[in-house]
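One structure below.
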Amino acid sequence: MPFDLPQKTIGYFCSYVPEELLIAAGFNPIRIIPGATDASLSQTHLQSYTCYLARACLHRAIKGELNSLEGVIFTHTCDTMQCLADIWPQACPHKIVETFNLPTVLSSEKALPYTMAELERLKGRLEASIGLLIGEEALREAVKIANRKRILLQNLASRREKMPASRFFSLVNKALTLPLGEAISFLENLEVEEEENPGKVRIVLAGSTLDDLSLVDFIEESGGKIVDDDFCNGTRYFQTLADESIPPIEAIARRLLERPICPCKFLKPGAYSQSLLEKTRKAKAQGLILVRQKFCDPWGWEFPLMQSLFQEKKVPILMVEVEQPGSLGPIATRIQAFLEMIAEG
Ligand code: SF4
Ligand code: SF4
């Protein structure tokens, strides 16, 4: 199959989706974001104690807002995503609904051959859907083009301290939700007006995905300065490149195993918390704010470990629980108190 910039789009929820395979199959991979401030249509399929991310995305799909997608690719991560993958074909008309089964224990010696075999399996499923074989050359080109987008986002991140954090995150979100060619040209031609952020307390913000930019604005208006992040629509997406000098399936697999993990995956006990501590120190940040989606178990389980590690190392840490965008409520006071405590030393 010759390689052209993709015309059709396919949606995904998780940064562990192998975008390169989708690109090589002729699709624009588009991140599905909740966007809506309403998740009511999901109630016929999901309990109200499911995270807002899953409920709002399903709501958008049932409403028909995702009908232009050829399909949706899930990953084997949390229970919520597994359930959503089962429900999706009943609720939405997409032609392609597949799950990519990345192993949970990424440090196992079997993880690499397993991931490569799983990539081959998904490749076969995509080939059956499009009626074409995906050749080595198309895969190599797809690896390069996915890397190109990640490099452009890394360049943007190198200038993040010169702009309000909400602008940085909205630019990243835009790049993740545009068709590939448009996203690359948007990032290549982006001129960012520098603007001094008056916030003084250097903070790393972390969580699964970041949808509520009013939270980011609130932190910066309250004296915080977000100097780095650990989100799947942030640095976790673009921090690691695939090796263009090795066979493409191996390069894609190695990248997935070597990129920063999230609490849905396992390397060794405490690995994720340790990586956040290192990130906080490297960014010369004075504290970390963890944004947990309400009802999200993986991040809830990780927090006690993270809290004890940060407390032991005397690095301030705060967890806030969010649900629907815009409803800061009582967490506003906790954020203000946290920033004041750090500022007063
Ligand atoms: S936090 Fe983990 S499971 Fe959720 S989107 Fe990111 S990589 Fe996927
Ligand atoms: S990891 Fe958490 S926020 Fe992400 S889909 Fe699963 S439950 Fe929802």
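Table: residues versus (1) at pLDDT below 95; (2) surrounded by 15 or more Cβ atoms within 10 Å (Cβ to Cβ); (3) in contact with a Pro (Cβ under 6 Å, 6 or more places away or on another chain); (4) over 29 Å from Ser108 (Cβ atoms).
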{"position": "Leu277", "(1), (2), (3), (4)": "no, yes, no, no"}
{"position": "Thr280", "(1), (2), (3), (4)": "no, yes, no, no"}
{"position": "Gly300", "(1), (2), (3), (4)": "yes, yes, no, no"}
{"position": "Gln307", "(1), (2), (3), (4)": "no, yes, no, no"}
{"position": "Val322", "(1), (2), (3), (4)": "yes, yes, no, yes"}
{"position": "Leu328", "(1), (2), (3), (4)": "yes, yes, no, yes"}
{"position": "Ile342", "(1), (2), (3), (4)": "no, yes, yes, yes"}
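Scan region 72-89 for residues that are β-branched (Val, Ile, Thr) and within 13 Å of ligand 1 (Cβ to nearest atom) and jot them down. Steps first, please.
Keep residues of region 72-89 that are β-branched (Val, Ile, Thr), which gives 72-73, 75, 77, 80, 87.
Within region 72-89, Ile73, Thr75, Thr77, Thr80 qualify.
Look at Tyr16 and say whether it is out of contact with any helix residue (DSSP H, G or I) (no Cβ under 7 Å at 6 or more places or on another chain), touching a residue at least 12 places away in the same chain (Cβ under 8 Å) and of a type in the set (Ser, Thr, Tyr).
Here the answer is no, as Tyr16 does not meet what is asked.
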Inter-residue pairs, beta-carbon under 7 Å, first closer than 21 Å to Ser208 by Cα and of a type in the set (Lys, Arg) and in region 47-66, second modelled with pLDDT under 95 and within 16 Å of ligand 1 (Cβ to nearest atom), 6+ apart: Arg60/Gly35
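Does Lys162 count as farther than 27 Å from Lys8 by Cβ and among the basic types (Lys, Arg)?
Working: farther than 27 Å from Lys8 by Cβ: yes; among the basic types (Lys, Arg): yes.
So Lys162 passes the test.
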Out of everything in region 267-298 that is closer than 30 Å to Arg55 by Cα and assigned to a loop (DSSP other than H, G, I, E, B), what residue ends up being nearest to ligand 1 (Cβ to nearest atom)? Cys296
Does Arg255 satisfy the criteria of being basic (Lys, Arg), touching a Lys or Arg at 6+ places or on another chain (Cβ under 9 Å) and outside any loop (DSSP other than H, G, I, E, B)? no
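The values are calculated or read from the model by the stated rules, or taken from the named source; none is laboratory data. Because the structure is predicted, anything quoted here is derived from the model rather than measured. Methodologically, a virtual Cβ is constructed for each residue, glycine included, from the backbone with ideal geometry; neighbour enumeration extends over all protein chains shown.
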